[in-house]
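S.K.: Have a look at this one before I ask anything.
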Amino acid sequence: MGPAGEDPRERLCRELAEEAAAAATAVAASEDGVATPSHDLDHARRVVGLARRIARAERADEVLAACAAWLHDIERGAEDRGGPDHALAGAATARRLLAGRPELTAQEVEAVADAIACHRFRSRRAPSTPLARCLFDADKLDAMGAVGVGRAYMMAGEQGQRLHTRVPEGAVPRRMGDIEQGTYSPVEEWTVKLRHLEAAMTTAEGRRLASARAHFMEAFFARLEEEVGGGG
């Protein structure tokens, strides 16, 4: 039993946190597992906190936002091993895990699944519901600011990337896993994706939170460029 007066869906949310933790443990223990600390359980926890914060500000469903956030990367490990798009696969997993749960209506289950399916930046599935927008912005905020810089370099280590590469003017977004080793770095990730995240925010609260994080990242990569060139 949860605390008196608690939304009964909060218990379900805690169970989904356990599902996310179990999935992360399984990936780490598997023989063909790919170590991806940039998308680990810590990332999920931060996204949950951000999703709840944005949902409160936007008057969206905070508990459903947290449920979606716990599950949004649950299939990431499978994709990293050559599986399908983790956003779509995660949506299918969410439907399976939530189907028939008395805490949620069928419409709420579908809302959670839709939010997960639409959370990816490099996707043409734009978030169109309040819940999907909360999750999208929360996930993108965790790729910005000091955390974003740290995660960019964690991903660089996972991918065997370099510290710095020159990026041609007009470069278009590319998926890191599709890049030949040695030709991609966090500088390119900044150029083709990260610097565009502030403009991609879909909620007023997301835009408010993104502003300071975007300025920090811009200053960091400008400083990096200076130091790589022998200045600083």
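S.K.: Hey, any hits in the range 74-97 for a residue that's at pLDDT 95 or above and more than 20 Å from Ala44 (Cα to Cα)?
M.R.: no
S.K.: Something else: Can you tell me which of Thr191, Thr203 is of a type in the set (Val, Ile, Thr), crowded, with 16+ Cβ neighbours inside 10 Å and at pLDDT 95 or above?
M.R.: On the way: Thr191 fails: at pLDDT 95 or above.
Answer to the check: Thr203.
S.K.: Next question, about the same structure. Take the residues of the range 64-89 that are touching a Leu at 6+ places or on another chain (Cβ under 9 Å) and either surrounded by fewer than 19 Cβ atoms within 10 Å (Cβ to Cβ) or in contact (Cβ under 8 Å) with a residue 60 or more places away in the chain (or both): which is farthest from Gly148 (Cα to Cα)?
M.R.: Out of the qualifying residues, it is Leu64.
S.K.: Taking the condition closer than 30 Å to Ala222 by Cβ, over 12 Å from the mean Cα position of the chain (by Cα) and assigned to a helix (DSSP H, G or I), does Val149 pass?
M.R.: Working: closer than 30 Å to Ala222 by Cβ: yes; over 12 Å from the mean Cα position of the chain (by Cα): yes; assigned to a helix (DSSP H, G or I): yes.
Yes: the conditions hold for Val149.
S.K.: Let me ask something else. Among the candidates Asp40, Asp7, Asp32, single out the residue that is outside the structural domain of Val149 (by TED's automatic domain parsing), at pLDDT below 95 and more than 29 Å from Gly160 (Cβ to Cβ). Lay out the reasoning, then the answer.
M.R.: Values: Asp40 fails: more than 29 Å from Gly160 (Cβ to Cβ); Asp32 fails: more than 29 Å from Gly160 (Cβ to Cβ).
After ruling out the rest, the residue left standing is Asp7.
S.K.: Just to be sure, is Ala24 crowded, with 18+ Cβ neighbours inside 10 Å and assigned to a loop (DSSP other than H, G, I, E, B)?
M.R.: Working: crowded, with 18+ Cβ neighbours inside 10 Å: yes; assigned to a loop (DSSP other than H, G, I, E, B): no.
Taking the combined requirement at face value, the residue does not satisfy it.
S.K.: On to the next question. Among the residues of the range 201-218, are any touching a helix residue (DSSP H, G or I) at 6+ places or on another chain (Cβ under 6 Å) and of a type in the set (Lys, Arg)?
M.R.: Yes, some residue in the range 201-218 is touching a helix residue (DSSP H, G or I) at 6+ places or on another chain (Cβ under 6 Å) and of a type in the set (Lys, Arg).
S.K.: Hey, can you tell me all the residues within the range 58-85 that are within 12 Å of the chain's Cα centre (by Cα), hydrophobic (A, V, I, L, M, F, W, C) and more than 24 Å from Thr105 (Cβ to Cβ)?
M.R.: Result: no residue meets the conditions.
The values are calculated or read from the model by the stated rules, or taken from the named source; none is laboratory data. All figures in this text were calculated on a predicted structure; none of them were measured in a lab. Ideal geometry is used to build each Cβ from the backbone, glycine not excepted, and the neighbour counts take in all protein chains shown.
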